[in-house]
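The values are calculated or read from the model by the stated rules, or taken from the named source; none is laboratory data. Not measured: the values here are computed from a predicted model. Cβ sites come from the backbone with ideal geometry, for glycine too, and all protein chains shown count toward neighbours. Just the protein is used for accessible areas: all its heavy atoms, side chains included, with ligands, DNA and RNA removed. Shrake-Rupley method; radii C 1.70, N 1.55, O 1.52, S 1.80 Å.
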Amino acid sequence: QVQLVESGGGLVQAGGSLRLSCAASPSGSIASINDMGWYRQAPGKQRELVAAISRGLSTNYADSVKGRFTISRDNAGNTVYLQMNSLKPEDTAVYYCNAAIRRWGIPLFGDYWGQGTQVTVSS
């Protein structure tokens, strides 16, 4: 069973930085990963896209985080990172990793989600 395991959330003061990581495993079960991304959901709000990165390393960001957040992938393409700088209280949310993954022996890509990691920015 393929899983996305997130780490790196926590509590930080406004203006601070955090780095989120998300690793797809087990690598032996994964044939290919296309787009990977980070979403967030604040209390009482809908889940929204924060940033996404394609297999070819093209990136896309929400307007609210442009210039402050950077998404990247490792060389193997199985791990995605989100470097968050100049954090603001309005960035407080649960952050979810998302990836389109094709498993060996299965011809279609499936949509996978991490368990979520809390990011809290204090003013």
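Annotations
- Short-range pairs are left out: with C-alpha atoms under 8 Å and at least six residues apart, the relative contact order of the chain is 35 percent.
- Where D111, D91 fall by accessible area, highest first, once all protein chains stay in place (1.4 Å): D111, D91
- Computed log₁₀ I(q)/I(0) - Debye formula, equal Cα scatterers, no solvent, the chain, q 0.17, 0.19 Å⁻¹: -0.80, -0.97
- The range 1-24-the range 68-123 distance, computed between alpha-carbon centres (Å): 8
- Loop trypsin sites (Lys or Arg not before Pro), the range 46-123 (other Cβ atoms within 10 Å of the site Cβ: 12 or fewer; DSSP): K66
- Taking a Cβ cut-off of under 15 Å around I33, the surrounding Lys, Arg, Asp and Glu residues balance to a net charge of +1, with basic ones at +1 and acidic ones at -1.
- Packing-based order for 56-65, 80-89, using average beta carbon neighbours within 10 Å, highest first: 80-89, 56-65
- Surface analysis of the chain yields an accessible area of 53 Å² per residue, using protein heavy atoms and a 1.4 Å probe.
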